[in-house]
Amino acid sequence: MNMSQKMAAEFIGTLWLVLGGCGSAVLAAAFPDVGIGLLGVSFAFGLTVLTMAFAIGHISGCHLNPAVSFGLWAGGRFPAKELAPYIVAQVAGGIAGAGILYLIASGNADFSLADGFASNGYGEHSPGGYNMTSALVTEVVMTLFFLLIILGATDVRAPQGFAPIAIGLALTLVHLISIPVTNTSVNPARSTGTALFVGDWAISQLWLFWVAPIAGAIIAGFIYKFFNTKES
């Protein structure tokens, strides 16, 4: 596949992740009487990755996330020269997904960006009121384990054909743990997409949702590279 095909796949996949995951939070989580709640939102995020992994995994690797690209690079599984184009495509896809979601959600008279638009935050903008330290630790650790699972599930030594399921379930678990803390990012492109529409506090806190996931992912890459040393 050439780079334009890979970038298009990453754009479409990340759009789907934001529209499906954040869309479930904005449109369906608290829907009267039959809302899907935090459990449903967690599964929605996992399902976006699972479905796209089968759809575009053979085209771009289905990263959908700058942190994943950095983690795969740190693990020796992705070339540095492709980081920038992948990240551009992912962020653009995240913004497009958030834009489509905004067009849909704003059709309801009761919709307000003041409700957060599924943006990530800490302090008073954390769903559970968790402080910046809690948010930082959560995002680093959750992304670290998410990347370890991605690296392990896609290893040539792992059972073949099951990686999308393991990765999708891993993202579901990550959300089940961390939605109350940060609304779960582990993905700078996802965070950027919604933050640009909310502005204000979401933009001022966005740095954490770039720094922490990428740091966690890079640590995971180095850990997994250790597993691949000759001594192991």
Handout entry: Test: residue in region 191-207 that is in contact with a Cys (Cβ under 8 Å, 6 or more places away or on another chain) and touching a residue at least 40 places away in the same chain (Cβ under 8 Å)
Key = yes
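Tell me whether region 102-109 contains one or more residues that are closer than 27 Å to Val140 by Cβ, surrounded by 15 or more Cβ atoms within 10 Å (Cβ to Cβ) and among the aliphatic types (A, V, I, L, M).
Looking only at region 102-109, we keep the residues that are closer than 27 Å to Val140 by Cβ, and these are none.
Within region 102-109 (the criterion being closer than 27 Å to Val140 by Cβ, surrounded by 15 or more Cβ atoms within 10 Å (Cβ to Cβ) and among the aliphatic types (A, V, I, L, M)), the answer is no, since none of the residues qualifies.
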Practice task
Test Ala105 against the stated conditions and say whether it is farther than 15 Å from Gln205 by Cβ, modelled with pLDDT under 95 and hydrophobic (A, V, I, L, M, F, W, C).
Solution key: no
Exercise for the section: With the condition kept exactly as written, say whether any residue in region 123-140 is within 18 Å of Val41 (Cα to Cα), within 14 Å of the chain's Cα centre (by Cα) and part of a loop (DSSP other than H, G, I, E, B). Expected result: no
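The values are calculated or read from the model by the stated rules, or taken from the named source; none is laboratory data. Please read these numbers as outputs of a predicted model, since none were measured by experiment. Positions of Cβ are backbone-derived with ideal geometry, glycine not excepted, and every protein chain shown enters the neighbour counts.
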